[in-house]
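The block underneath contains the structure these notes are about, expressed in structure tokens.
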């Protein structure tokens with residue numbers, strides 16, 4: 001699980017072009033949205049694409065992203081429970 | 001007096017306050033070199049310029065290349081002062097084709113079909129105008145034209161109408177062209 005969390009942080013920084021953010025700065029329990037990362041609704045859609053592309057998880061309802069993307073902890077747990085690749 | 005005379009008189013009443021050129025890995029403002037880089041590609045050059053000029057605006061990294069080009073050029077001119085009454089009139093030749101191609105690549109294959117929302121939002125040329133407006137909290141008139149070549153008279157006439165109508169006190173006007181490895185921005189601030 002710890003590896004998955006670190007992997008997720010790397011992917012989020014890369015996919016969302018967070019050039020000024022380091023892996024160490026993203027805490028496992030920090031809110032991904034509404035916090036210091038400055039993410040917006042397009043970033044949320046990009047994370048939905050990431051779930052599909054890298055973990056084979058298709059979210060039919062984009063609104064569900066609000067629950068899943070609360071923090072790295074919650075996102076990693078969701079991936080662990082639902083991944084198909 | 002012939003009509004052309006009055007047209008010229010009117011044009012002469014407009015003032016070009018300051019101008020920025022961005023090409024060949026160089027940024028110049030009113031002829032003065034502001035930044036120069038050894039980088040060969042626009043993305044590298046833009047990243048270096050962003051750091052060197054200490055722009056401190058993380059959203060810059062999310063922009064497509066056309067928006068980065070327009071943003072950098074505009075930033076050189078708009079960084080100081082109040083721009084709540086500054087309009088934006090920009091133009092180029094290749095529209096958003098550079099980004100359109102990138103988006104197309106992400107949907108070419110049925111097996112690897114992952115359209116990127118973050119790329120898609122830049123598949124219009126006037127998004128760069130929006131990025132500048134967001135940065136400077138501008139809720140002013142704006143226009144983006146796709147032209148065969150830089151037509152200063154056309155852009156200045158349009159800008160002058162905005163100024164004379166009272167809808168703006170200043171107009172950031174100019175050319176922001178980018179396609180693959182080729183890029184050039186020439187923007188300037190006009191006022192009456």
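The values are calculated or read from the model by the stated rules, or taken from the named source; none is laboratory data. As the structure is a computational prediction, the values presented were derived from the model and not from experiment. All Cβ positions, even for glycine, are placed from backbone atoms using ideal geometry, and neighbour counts span all protein chains on display.
For segment B:25-67, give me the residue count where each residue is more than 11 Å from chain A (Cβ to nearest Cβ), in a helix (DSSP H, G or I) and touching a residue at least 60 places away in the same chain (Cβ under 8 Å).
4
Would you point out the residue of segment B:10-29, among those that are within 10 Å of residue B:76 (Cβ to Cβ) and out of contact with any helix residue (DSSP H, G or I) (no Cβ under 7 Å at 6 or more places or on another chain), that is surrounded by the most Cβ atoms within 10 Å (Cβ to Cβ)?
Here the answer is B:21.
One line per residue, one yes/no per condition, for (1) surrounded by 17 or more Cβ atoms within 10 Å (Cβ to Cβ); (2) more than 30 Å from residue B:160 (Cα to Cα); (3) more than 14 Å from the chain's Cα centre (by Cα):
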{"position": "B:51", "(1), (2), (3)": "no, yes, yes"}
{"position": "B:58", "(1), (2), (3)": "no, yes, yes"}
{"position": "B:85", "(1), (2), (3)": "no, no, yes"}
{"position": "B:91", "(1), (2), (3)": "yes, no, no"}
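Do we have any residue at all in segment B:142-150 that's on the phi < 0 side of the Ramachandran plot and without any contact (Cβ under 8 Å) to a residue 12 or more places away in the chain?
No.
Can we say residue B:113 is over 23 Å from residue B:59 (Cα atoms), in contact with a helix residue (DSSP H, G or I) (Cβ under 9 Å, 6 or more places away or on another chain), without any contact (Cβ under 8 Å) to a residue 24 or more places away in the chain and within 14 Å of another protein chain (Cβ to nearest Cβ)?
Against the criterion (over 23 Å from residue B:59 (Cα atoms), in contact with a helix residue (DSSP H, G or I) (Cβ under 9 Å, 6 or more places away or on another chain), without any contact (Cβ under 8 Å) to a residue 24 or more places away in the chain and within 14 Å of another protein chain (Cβ to nearest Cβ)), residue B:113 qualifies.
Test of understanding: among B:155, B:163, which residue is assigned to a helix (DSSP H, G or I), away from chain A (no Cβ under 14 Å), over 15 Å from the mean Cα position of the chain (by Cα) and in contact (Cβ under 8 Å) with a residue 60 or more places away in the chain?
B:163
Determine which member of the set A:7, A:25 is farther than 16 Å from residue B:59 by Cα, modelled with pLDDT of 95 or more and either away from chain B (no Cβ under 14 Å) or surrounded by fewer than 18 Cβ atoms within 10 Å (Cβ to Cβ) (or both).
Details: A:25 fails: modelled with pLDDT of 95 or more.
After ruling out the rest, the residue left standing is A:7.
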